[in-house]
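The values are calculated or read from the model by the stated rules, or taken from the named source; none is laboratory data. Bear in mind that the values here come from a model prediction, so they are computed numbers and not experimental data. As a convention, Cβ positions derive from the backbone with ideal geometry for all residues, glycine included, and neighbour counts pool all protein chains shown. These accessible areas exclude ligands, DNA and RNA; they are computed on the full protein's heavy atoms, side chains included. Shrake-Rupley method; radii C 1.70, N 1.55, O 1.52, S 1.80 Å.
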Number of protein chains: 2
Amino acid sequence: MKLDDAALDQLFRAARTHNGWQDRPVPDDLLHQVYDLMKWGPTAANSCPARIVFVRSPEAKEKLRPALAAGNVAKTMAAPATAIVAYDLEFYDKLPKLYPHTDARSWFAGKPEEHIRTNAFRGGTLQGAYLIVAARALGLDCGPMGGFDNALVDAAFFPDGKVKSNFLCNLGYGDPAKLHPRNPRLDFGEACAIV
Amino acid sequence: MKLDDAALDQLFRAARTHNGWQDRPVPDDLLHQVYDLMKWGPTAANSCPARIVFVRSPEAKEKLRPALAAGNVAKTMAAPATAIVAYDLEFYDKLPKLYPHTDARSWFAGKPEEHIRTNAFRGGTLQGAYLIVAARALGLDCGPMGGFDNALVDAAFFPDGKVKSNFLCNLGYGDPAKLHPRNPRLDFGEACAIV
């Protein structure tokens, strides 16, 4: 069954990357609801390598501020919450819980760092996309951003060195007046082929 | 507005990675519909680096076969379509169309390969997740897979070397009888923090 047009609009067609935020709070319970949806999205060997820090207190926002590109500071300080979407380079230690029917931990533990990093980055990025779509499905707007200093964020929020930041995503209820004009997308034939 | 429970189930909570496929075709038009939803998902600088080959003809399936891990052969040969989700290392050549208000091409062209590859892989992976959720939103089931030889797929489908395979995703209408038991996910506190 296809979802109705209103749902497809909300998830994809009318959803926009927001830069301004209404003065409407995002309760902790709603952040839990976002996670309780996104967690079901598939990752290789159910490895679920994403780790997410929802930055919402003024103190934590100040910790984030020096890492932000200049153009991302005001909107991030104003957002009800900013998700640091990150990935765990030791994700494999959770595999006995996540993929219990075989020894999947041994597919990664002690293996070349590139193999571990690629799986963590791919899976963590898939889960970052699930977070965006899950937030929209719950009526939230998103403002994902790559413009920040990963090393500064990692030092401030993940000092043990095992978790690496991937991208940031402001969360809240967007102010449509602050949207930029929408950019075009590639046509099917520019991006896809059926063979 | 939150989507209704049936929609949240279809997108996330009840959606599963499928291994068996009903004998029900997936018309080309539906693959176009999947793309026309997923294309709206956000990527850095709207770079849209994903490239997708929908493998559906017997000839193209045979080209894919030797690259598949043994456990993925039968289900992939039986699937109505298999998406090769890939990313374009020369994505920046589309930026004058995709991000026309500034010279975003210069942010990547001629820059270190690692910078280009990271953006292509991150954006292409986000778009792969959008593909999965878009397909589910249109009533399709997905069977994403990492078990294949990337180099063989690249040689067979992307011989110019500019496009690299990321993951595969079977598409069709799944056979619930062939589902594996669902694996657990991490609890909120194992994967997330609110600070």
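Using a 7 Å projection from Cα along Cα-to-Cβ, the label point at B:Pro159 is separated from the same position in the remaining copies by 5.6 nm, smallest value first.
Taking the protein heavy atoms of the stretch A:75-195 in the context of the full set of protein chains, the accessible area attributed to carbon and sulfur is 54 percent at 1.4 Å. A point 7 Å from Cα along Cα→Cβ stands in for B:Asp103, and the other copies hold the same point at 5.7 nm, listed in rising order. Shielding value for A:3-16 is 5, the average number of Cβ atoms from other chains within 10 Å of each residue's Cβ.
Site pair B:Ser57 and B:Asp23 shows an inter-label distance of 2.4 nm when each label is modelled 7 Å from Cα along Cα→Cβ.
To make sure I understand the rule: partners must be aspartates and glutamates, Cα under 17 Å from the Cα of A:Lys75, and not fewer than 8 residues away in the same chain. Which ones qualify? Partners found: A:Asp23, A:Glu59, A:Glu62, A:Asp141, A:Asp149, A:Asp175.
For the residue pairs A:Lys2/B:Lys94; A:Lys61/A:Lys94; A:Lys39/B:Lys111; A:Lys39/A:Lys61, alpha carbon separations beyond 27 Å are given by A:Lys2/B:Lys94; A:Lys61/A:Lys94; A:Lys39/B:Lys111.
Looking at the square roots a ≥ b ≥ c of the eigenvalues of the Cα gyration tensor of the stretch A:116-195, which shape do they give, rounded for a/c under 1.5, prolate if a/b is larger than b/c, or oblate? Since a/c reaches 1.5 but b/c is at least a/b, the shape of the stretch A:116-195 is classed as oblate. A compact globular protein would have a Cα radius of gyration near 2.2 N^0.38 Å; the ratio found for chain B is 1.10. Over the residues of the protein assembly as shown, the helix contribution to mean residue ellipticity at 222 nm works out to -10500 deg cm²/dmol, using -39500 (n - 2.57) for each DSSP H run of at least 4.
Placing a label point 7 Å from the Cα of B:Arg24 along the Cα-to-Cβ direction, the distances to the matching points in the other copies come to 3.6 nm, shortest first.
Accessible surface comparison of B:Arg122, B:Arg117, A:Arg136, probe 1.4 Å, protein chains only, largest first: the order is B:Arg117, B:Arg122, A:Arg136.
Computed over chain A with a Gaussian network model linking Cα atoms closer than 10 Å, the most mobile of A:Gly110, A:Gly147, A:Gly124 is A:Gly110.
How big a patch of accessible area, both sides summed and in Å² to the nearest 100, lies buried between B and A at a 1.4 Å probe?
For B against A, buried area totals roughly 6400 Å².
For a label point 7 Å from the Cα of A:Ala14 along Cα→C-beta, name the residues of the stretch A:158-195 whose backbone N is under 14 Å from it. Hits in the stretch A:158-195 for A:Ala14 at 14 Å: A:174, A:176.
Within the listed set A:Ala70, A:Ala134, A:Ala50, the residue fluctuating most in the Gaussian network model of chain A (springs between alpha-carbon atoms under 10 angstrom) is A:Ala70.
Working note: Karplus 6.51/-1.76/1.60 with θ = phi - 60° gives the stretch A:113-126 the couplings 4, 4, 5, 5, 5, 4, 5, 5, 6, 5, x, x, 6, 3 Hz, where Gly and Pro are set to x.
Going by accessible surface with a 1.4 Å probe and the largest first, A:Lys63, B:Lys94 read A:Lys63, B:Lys94. Rolling a 1.4 Å probe over the heavy atoms of the protein chains gives chain B an accessible area of 40 Å² per residue.
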